[in-house]
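For reference, the structure discussed in these notes is given below.
Here, each number is a calculation from the coordinates, and none is a lab measurement. Since the model is a prediction, treat every value here as computed from it, not as a measurement. Here Cβ is always computed from backbone atoms with ideal geometry, including for glycine, and neighbour counts include all displayed protein chains.
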Amino acid sequence: MSKKFLTDVIQQSTDMTGVAAGRLAAEIIGAIKAEIVETGRFSLPDFGSFAVRETPKRTAMNPRTGEKVSVKAGATVKFKASPSLKAAAFAGAKKAKRKAAKAG
């Protein structure tokens, strides 16, 4: 999903201009980022949740040289899909598989 995709959906479902829809999409993305920064978590019912996870300091290997490299601790955002999103994705995958089997 991209900002343009969100802008197009907003523009199609409302009477907004493209510029106004783009600003609204940017504001929505900004609000989600702000919530994750403030609370470390953001969730949308029937979609899923985003949570900040800390990554520990570790030693990794440079694949080109084989040299061991120290990687400092950090943080990442993990996504966990809701049960309804998982069910919809599974149904879509099954449908695509059946369609491919018919065509081939």
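Given the criteria outside any helix (DSSP H, G or I), under 19 Å from the mean Cα position of the chain (by Cα) and not charged (D, E, K, R), does Ser70 qualify? Outline the logic, then answer.
Numbers: outside any helix (DSSP H, G or I): yes; under 19 Å from the mean Cα position of the chain (by Cα): no; not charged (D, E, K, R): yes.
No.
Just the residues that are surrounded by 11 or more Cβ atoms within 10 Å (Cβ to Cβ), among the basic types (Lys, Arg) and out of contact with any strand residue (DSSP E or B) (no Cβ under 6 Å at 6 or more places or on another chain), please, taken from the stretch 76-104.
Passing the criteria: only Lys86.
From the set of residues in the stretch 12-38 that are touching a residue at least 12 places away in the same chain (Cβ under 8 Å) and β-branched (Val, Ile, Thr), which is surrounded by the most Cβ atoms within 10 Å (Cβ to Cβ)?
At the first step, the residues of the stretch 12-38 found to be touching a residue at least 12 places away in the same chain (Cβ under 8 Å) are 21-22, 24-26, 28-29, 32, 36.
Add one more test, that the residue is β-branched (Val, Ile, Thr), and what stays is 28-29, 32, 36.
Numbers: Ile28: 13, Ile29: 12, Ile32: 13, Ile36: 15.
Ranking the candidates gives Ile36 first.
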